[in-house]
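To keep things clear, I will list the structure first and then write my remarks on it.
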Amino acid sequence: MISPISQSIHPGVDVAQVTAPLPDAEIRSRTDSYFNRTRLIVSAFGDCAVTYAFFIRTPVISAPTLMLRWLENVMAERNSPCEIEIVHPEGEWVGAGEPLVYVTGSFTHLADLETLLLQKLGSPCVAALRAYQMALSLPRTQFLAMDARHCAGFEMQELMAYAASVGGRAARRDGAIGFVGTANDAVAAFFDTPHGLGTMPHALIGYAGSTVRAAEMFHETFPETDLVVLVDYFGQEITDALAVCRRFPELAAAGRMAVRLDTHGGRFMEGLNPQESYAVLNRHAPQALRRYRSDKELRYLIGTGVSAAAVWSMRDALDEAGFPRVKIIGSSGFGVTKCACMADARAPLDVVGTGSYIPERWNETYATADIIAYNGQERVKMGREFLLPSTRAAQRVGAATDRTAQS
């Protein structure tokens, strides 16, 4: 049976390497041995149709497409049809423990796939939620996915880029701009873009010997590309930002220039210290300081690194120097909490580059699967009855009855 996933493809899925089917021998070597033994036992004693329920113990955004496409491709290679029921479509909020999808097919051909299926489900769903939360915190800010350097290989990179795109699209449906691209060509298709985005690393500035010279080299080589300049290399963020703006006033006036703040957490941005940071934020967003803050949140507001005060200070300097159309890009540790703090401070960020949607607590990404029916007869291990379709149907009827009684 053709599943819905084959008919509604998320951008990038068709070219994702993680969805490519594997030979049976490779699947056997990668899966848990007890699943291999189960397959042999079921083959010997008689196959049956089973239904798996896949779920995650924490709230997530549904991101099952890569897993399901891989499943379809493997089952096609095995000439074994399967039926997929998507309980929560891609991008939808899923409560803790709620089944995301049901998969029905041959026990013989599904038994040894469980380990690999779970690997492709849990982390994207959790990362998609984090990307959604970050984008929704700063709805008028564009986000750039920069997770590759933090990933343990290309398969993880594909899963995380896909997750950022799912979370970004979900946020877009709720009014945010979301994730507009990624830094890598290989996963750009998930964002419906032809290429990775980005301009220069710190190494180019070191090579050039000055921030202005690096900007000149870049513009000479890529004259049609908007100029985005890292300004923290020499610890002179404002000085170097203004110097580049004065070197390229036409680009600055045309809105084709941006400065990227990437100041590390070991020092304050140029011109700031604790007292001045407090003063800057008190001018622009005093309400952010007057509520109780944890030490981490306070650091994001007025501490070292790329704080809200640093962003406001750069905006003030650019505006006062006559460069109001020069954009500000923030990077360095922009996770869920930092984005929320930036939103609270109304930090004037045009773009955020981040890979911090990668889950911090990996044990929260563990997906689980249970067989909940054998040859159409519901049966599941004690304690997992909440996965049964009949239980869920009864809960829906009960909820509807309660609503009717209340009305």
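Numbers at a glance
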quantity	calculated
Dipole magnitude (debye, nearest 20) for the stretch 244-353, charges at Cβ of Lys, Arg, Asp, Glu	160 debye
Under the span-like rule (Cα at least 24 Å along the axis, Kyte-Doolittle mean at least 0.5), DSSP H helices of the chain	none
Gyration tensor (alpha-carbon) shape descriptor, the stretch 148-288, a/c threshold 1.5	oblate
Counted charge near residue 184, where neighbours are those whose Cβ lies closer than 15 Å (Asp, Glu -1; Lys, Arg +1)	-4
Net charge contributed by nearby residues that have their C-beta within less than 14 Å of residue 336 (K/R +1, D/E -1)	0
Charge tally in the Cβ shell below 15 Å around residue 11, where Lys, Arg are +1 and Asp, Glu are -1, residue 11 excluded	-2
The stretch 108-218 shape via C-alpha gyration tensor axes, a/c threshold 1.5	oblate
Which of 77, 385 is most accessible, then next, and so on - probe 1.4 Å	77, 385
Solvent-accessible area per residue for the chain (1.4 angstrom probe, square angstrom)	45 Å²
Whole-Hz ³J(HN,Hα) from phi, Karplus 6.51 cos²θ - 1.76 cosθ + 1.60, for the stretch 100-111, glycine and proline x	8, 9, 10, 10, 10, x, 5, 4, 4, 8, 9, 4
Sparsely packed chymotrypsin sites (Phe, Trp or Tyr not before Pro) within the stretch 174-237, loop by DSSP, other Cβ within 10 Å at most 14	234
Bins of 10 Å from zero: percent of alpha-carbon pairs in the chain	5, 20, 26, 20, 14, 10, 5, 0
Whether the stretch 34-148 is rounded, prolate or oblate, judged on the alpha carbon gyration tensor where a/c under 1.5 counts as rounded	prolate
Spatial separation of Cα centroids for the stretch 45-94 and the stretch 210-275, in angstrom	47 Å
Within the chain: Cβ-based charge dipole about Cα centre, in debye rounded to nearest 20 (Lys, Arg +1; Asp, Glu -1)	960 debye
Rounded percent of accessible protein surface that carbon and sulfur make up, the chain, 1.4 Å probe	52 percent
Reachable lysines, given that their alpha-carbon falls under 27 Å from the alpha-carbon of residue 296 and they are not under 8 places away in the same chain	327, 338
The stretch 182-284, relative contact order [Cα under 8 Å, separation at least 6], %	20 percent
Alpha carbon centroid spacing (whole Å) that separates the stretch 310-328 from the stretch 344-365	23 Å
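The values are calculated or read from the model by the stated rules, or taken from the named source; none is laboratory data. Predicted, not measured: the structure shown is a model, and the values here were computed from it. Note that each Cβ is placed from the backbone with ideal geometry, even for glycine, and that neighbours are counted across all protein chains shown. Only protein heavy atoms, including side chains, enter the accessible area calculation; ligands, DNA and RNA are left aside. Shrake-Rupley method; radii C 1.70, N 1.55, O 1.52, S 1.80 Å.
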